[in-house]
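The values are calculated or read from the model by the stated rules, or taken from the named source; none is laboratory data. Everything quoted here is computed from the prediction, not taken from an experiment. All Cβ positions, glycine included, derive from the backbone under ideal geometry; neighbour counts span all protein chains shown.
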Amino acid sequence: MPVDQIVKTVVFVIFTVMTLGGGLGVVVSPRIFHSALFLVLSFAGVVGYYVLLDAGFLAAVQLLIYIGAIAILILFAIMLSRGLMAERQSQSNQQWWIAALVALLIFVVLAAVLWRVDWPVASQQALASPSNAISQEGSQLGRDLLGPYVIPFEVASVLLLVALIGAVILARETES
Amino acid sequence: MIPLHWWLIVAAALFCIGLYGVLSRKNAIGVLMGIELMLNAVNVNLVAFWRYITPQVLTGQIFAIFVITVAAAEAAVGLAIIIAAYRRRDTVIVDELDIMRW
């Protein structure tokens, strides 16, 4: 096994521990604030995954949008709705064991199916040598977004505008 | 390279953890965090498929970008709804937000 391979595997394991450990922390932590901090850890693990998968632009986007925006937004919401939730009984509802059972069952089924399928992976050679798309990924992404994917791109901008206005209207103080 | 199966199984595990969070959390914000985990798992899958199966076209990454966009919009609107509900009903426990239950 070449050194490169070993390093990649070790890094993969570290990011997996971060992602899955953070994820578990999110769902089982007794305090909602700690959950949000674990969520940041989990997102950071996914950033590492993107770097490992040669998706540098997505890694930056994940860092900026998920950790920089969504996680902070969630922390704000927790702060604004605290008081009531600070010290209360358990954070899980009575059906948590059914939920755990369902989630475990789905994971077992998914894992069994995913493991069995023979994915049409590109040849080792094509994977190892960085292709054109990967080395010029940033500019190619921009060209694709404004070329073949321009309509979804525009729709996404409208969606963001709608979400922006909707969020402002929903969260606005209602004067009575 | 790390085998594709590993990525897929890790993503499946992350998805199921998120699913458990959505189904078991009392706090509406906790439910939202579970949804974010599930969306992340989907993104890992998309990028892994792109890297291993079609590295010459960037479709997988483009899809991941759109998923991130939708996730951002969903988080903003979802949290706004939670804040509004908290202001009105003084709670963020999903069991107690049953005003629309028939």
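Those helices (runs of 4 or more DSSP H) of segment A:45-139 in which at least 1 residues are at pLDDT 90 or above and either of a type in the set (D, E, K, R) or surrounded by 12 or more Cβ atoms within 10 Å (Cβ to Cβ) (or both), considering only elements entirely within it, cover A:56-61, A:71-80, A:96-116. Out of (1) more than 7 Å from chain A (Cβ to nearest Cβ); (2) in contact (Cβ under 8 Å) with a residue 60 or more places away in the chain, what's the single condition that is false for B:Lys26? Here B:Lys26 meets the rest and fails (1). Contact map, segment A:150-167: first residue in the same structural domain as A:Gln140 (by TED's automatic domain parsing) and within 12 Å of B:Ala80 (Cβ to Cβ), second residue of a type in the set (D, E, K, R) and surrounded by 11 or more Cβ atoms within 10 Å (Cβ to Cβ), Cβ cut-off under 8 Å, separation 6 or more or different chains; pairs are A:Ala163/B:Glu74. Scanning segment B:46-59 for residues that are more than 7 Å from every other protein chain (Cβ to nearest Cβ) and crowded, with 23+ Cβ neighbours inside 10 Å gives a single hit, B:Trp50. Taking the criterion of being buried (at least 24 other Cβ atoms within 10 Å of the Cβ) and over 30 Å from A:Ser123 (Cβ atoms), the residues of segment B:11-26 that qualify are B:Cys16, B:Ile17, B:Gly18, B:Tyr20, B:Gly21, B:Ser24, B:Arg25. Take A:Ile32 and decide whether it is at pLDDT 90 or above and buried (at least 18 other Cβ atoms within 10 Å of the Cβ). Considered against the rule, which asks whether it is at pLDDT 90 or above and buried (at least 18 other Cβ atoms within 10 Å of the Cβ), A:Ile32 comes out as no. Scanning segment A:152-163 for residues that are more than 7 Å from every other protein chain (Cβ to nearest Cβ) and among the aliphatic types (A, V, I, L, M) gives A:Val155, A:Val158, A:Leu161, A:Val162.
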